[in-house]
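Notes to accompany the following structure.
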Amino acid sequence: MINEAKKNVSIVNDPQTADAIRRVGFTGTVRRGGMLSNAFATQDYLVRVRTGVSRSRVDEVAALIGLTDKEMARVLTISERTLHRKPAIEPLDTNMSERLIQLELLIQHGLDVFDGRKDTFARWLRAPRPSLGEGTPLSLLDTIAGFSFVDDELSRIEEGMIS
């Protein structure tokens, strides 16, 4: 059933980001806030998380907005050394795969909010935000709850509630 669905990523201003989301294997529509909008996408998400995303995908996602290996290791909650030792074709475990996919969805949302301006979004991720307790959005991405907080912050900006 999942394989019958067409790949359709919409509401994405940046073609490179849309392509990245498709390469992860999502089917269906991804809408504002990175939420998966239909059953195909939800099932596909779970399949991708459980089967594991390849290590090479980490570098591709990092390149979308210029994240460093150190930043990626923090998001994936592993050491930079462990990240470097993983072979490119080796699948990530469930936790790292989910974090990587969540990061891709967050990047998609961020690029949407910042009209595809990668450098502006990357600076925003690294700048302290009073609404986040003076922490940077990037510093919160070491927890699943942190992804939610940052996504909520992006939604507030999107709705005109500048924080």
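Quick note: the coordinates plus some simple rules give every number you see, no bench work behind them. Source: prediction; values computed, not measured. Here the Cβ is made from the backbone with ideal geometry for all residues, glycine too, and neighbour counts use every protein chain on show.
Entry note: the stretch 60-121 has Rg to Rh equal to 1.00, where both radii use alpha-carbon atoms and Rh is the Kirkwood radius.
Across the stretch 97-107, coupling constants 3J(HN,Hα) worked out from phi with the 6.51/-1.76/1.60 Karplus curve, θ = phi - 60°, read 4, 5, 5, 5, 5, 4, 5, 4, 5, 5, 4 Hz, and Gly and Pro carry x. Peptides 137-144, 81-88, 109-116 ordered by packing proxy, namely the average of other Cβ atoms within 10 Å per residue, highest first: 109-116, 137-144, 81-88. Remark: spin-label model distance Asp152-Gln43 equals 3.2 nm, labels positioned 7 Å along the Cα→Cβ axis. For q = 0.15, 0.18, 0.19, 0.26 Å⁻¹, what log10 I(q)/I(0) does the stretch 72-163 give under the Debye formula with an equal point scatterer on each alpha carbon and no solvent? So the normalised log intensities are -0.60, -0.82, -0.90, -1.39.
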